[in-house]
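Engineer: Below is a structure I'd like to ask you about.
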Amino acid sequence: VQLQASGGGLVQTGDSLRLSCAASGRTFSNNAVGWFRQAPGKERNFVASIAWRGGTSSYEDSVKGRFTVSRDNAKNRVYLQINSLKPEDTAVYYCASALRPYAGSGVHEYRYWGQGTQVTVSS
């Protein structure tokens, strides 16, 4: 599975973005998908995940209420809607696919990774 994250950009505080993760090579409709982010000089951290049918999702505490993960298995895509962006949201955002239908917040739970999309929030 090859994953490609897109939709990032340079935005202002309070703006919204919708990130997209597209899979190619094979479907990831049977697999959980996670979003992670990595700021310069920092570790890659969990942001959100969604189970294979989309009925179960989880979020890192600091993004709850602002981030929403969703998926369209017919299109082989997963989305991350980000509202009320803050400067501390600035990072490269990665999507990743697990080998199982459910996955949590651990980097090790995800097998396939996209190359990331940059989100920069100016104050």
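Engineer: For the subset of region 45-57 comprising residues that are within 14 Å of ALA98 (Cβ to Cβ) and under 11 Å from the mean Cα position of the chain (by Cα), which member is surrounded by the fewest Cβ atoms within 10 Å (Cβ to Cβ)?
Structural biologist: Of everything passing the filter in region 45-57, PHE46 is surrounded by the fewest Cβ atoms within 10 Å (Cβ to Cβ).
Engineer: Among GLY7, GLY41, GLY34, which is among the small types (Gly, Ala, Ser) and closer than 14 Å to GLU88 by Cα? Can you show your working first?
Structural biologist: On the way: GLY7 fails: closer than 14 Å to GLU88 by Cα; GLY34 fails: closer than 14 Å to GLU88 by Cα.
Only one candidate passes the filter, namely GLY41.
Engineer: Another question, if that's okay. Quick one: in region 102-123, which of the residues that are assigned to a loop (DSSP other than H, G, I, E, B) and of a type in the set (S, T, N, Q) is surrounded by the fewest Cβ atoms within 10 Å (Cβ to Cβ)?
Structural biologist: Among residues in region 102-123 that are assigned to a loop (DSSP other than H, G, I, E, B) and of a type in the set (S, T, N, Q), the one surrounded by the fewest Cβ atoms within 10 Å (Cβ to Cβ) is SER123.
Engineer: For region 69-101, name all the residues that are surrounded by fewer than 16 Cβ atoms within 10 Å (Cβ to Cβ), among the hydroxyl-bearing types (Ser, Thr, Tyr) and either out of contact with any strand residue (DSSP E or B) (no Cβ under 8 Å at 6 or more places or on another chain) or not in a strand (DSSP E or B) (or both).
Structural biologist: If the condition is that a residue be surrounded by fewer than 16 Cβ atoms within 10 Å (Cβ to Cβ), among the hydroxyl-bearing types (Ser, Thr, Tyr) and either out of contact with any strand residue (DSSP E or B) (no Cβ under 8 Å at 6 or more places or on another chain) or not in a strand (DSSP E or B) (or both), then SER84 is the only one that fits.
Engineer: Taking region 45-66 as the region of interest, how many residues are part of a strand (DSSP E or B) and without any contact (Cβ under 8 Å) to a residue 24 or more places away in the chain? Working first, answer last.
Structural biologist: Of all residues in region 45-66, those part of a strand (DSSP E or B) come to 45-50, 57-59.
So of that shortlist, the ones also without any contact (Cβ under 8 Å) to a residue 24 or more places away in the chain come out as 45, 57, 59.
Final tally of qualifying residues: 3.
Engineer: Limited to region 1-31, what total is found for residues that are closer than 12 Å to ASN76 by Cα and part of a loop (DSSP other than H, G, I, E, B)?
Structural biologist: 8
Engineer: Assuming TRP35 fulfils every condition listed in (1) part of a strand (DSSP E or B); (2) exposed (fewer than 15 other Cβ atoms within 10 Å of the Cβ); (3) under 15 Å from the mean Cα position of the chain (by Cα); (4) not hydroxyl-bearing (Ser, Thr, Tyr) apart from one, which condition is it?
Structural biologist: Just one mismatch for TRP35, condition (2).
Engineer: Test each condition in (1) part of a loop (DSSP other than H, G, I, E, B); (2) under 13 Å from the mean Cα position of the chain (by Cα) for LYS42 and report the one that comes out false.
Structural biologist: Looking at each condition in turn, LYS42 falls short on (2).
Engineer: Looking only at residues that are at pLDDT below 95 and among the hydrophobic types (A, V, I, L, M, F, W, C) in region 4-50, which one is nearest to ILE82 (Cα to Cα)?
Structural biologist: Filtering region 4-50 for residues that are at pLDDT below 95 and among the hydrophobic types (A, V, I, L, M, F, W, C), the one nearest to ILE82 (Cα to Cα) comes out as ALA23.
The values are calculated or read from the model by the stated rules, or taken from the named source; none is laboratory data. Everything numeric here is computed off the predicted structure, so don't read it as measured data. Don't worry about glycine lacking a Cβ; one is built from the backbone with ideal geometry, like all the others, and counts go over all protein chains shown.
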